[in-house]
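J.: The structure follows.
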Amino acid sequence: DVLDPERLIQCPLVKHHLIRARRFPYHLVKCKESNPDIAKKLATCPFNARHLVPWADLSKHIIKCRDKAIMERDAASQSCQPLQEQSNTGSTWQAPPCGEDWET
C-alpha cells in the first residue's frame, strides 16, 4: 500500500538503508548531509522531492514521474476556475459601518 506510513522504502543514496515511509523525508535530509559525494550525483525531481535520480536520468524520470500527472491535473483544475475566483484569495472581511461622526 503506497499510503502505508509503516512500509519500508529503500534510500536512493545508500541502497542498504531501509526506512519507514513516515520517516523517509527526514532520512533523506540526514543522509544527504552524511553522504555529500553521493548526493551531488543525484538530482531532485521537480514534482516530488522524495525522488532522487542520477542527473543523467532526470529527463526520463520527469517524463514518467507519477506525481507529474497529479501536478498537471491540479494546475488544470485551477485554470478552469473563473478568473475572479482565482484572484480573490485574500480576506473577505469588511469593516462594519460606523455610526460616529467625527465632524460634529
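J.: Amide H neighbours of residue 20 under 5 Å, at least 5 residues apart or on other chains, H built in the peptide plane: list them.
T.: Placed amide hydrogens put 9 under 5 Å from residue 20.
J.: In the calculated pair distance distribution of segment 1-64, what percentage of Cα-Cα distances lie above 17 Å? Before the final figure, lay out the partial values.
T.: Working: 842 of 2016 pairs.
Pairs farther apart than 17 Å: 42 percent.
J.: What's the local net charge at residue 29, with K and R +1, D and E -1, over the other residues with C-beta under 13 Å away?
T.: On the way: positive: 23, 30, 32, 50; negative: 33.
Local charge sum for residue 29: +3.
Computed from the coordinates by the stated procedures, all read-outs in this text should not be read as laboratory data. Since we're looking at a predicted model, the values are computed, not measured. Using ideal geometry, Cβ is built from the backbone for each residue, glycine included, and neighbour counts are taken over all protein chains shown.
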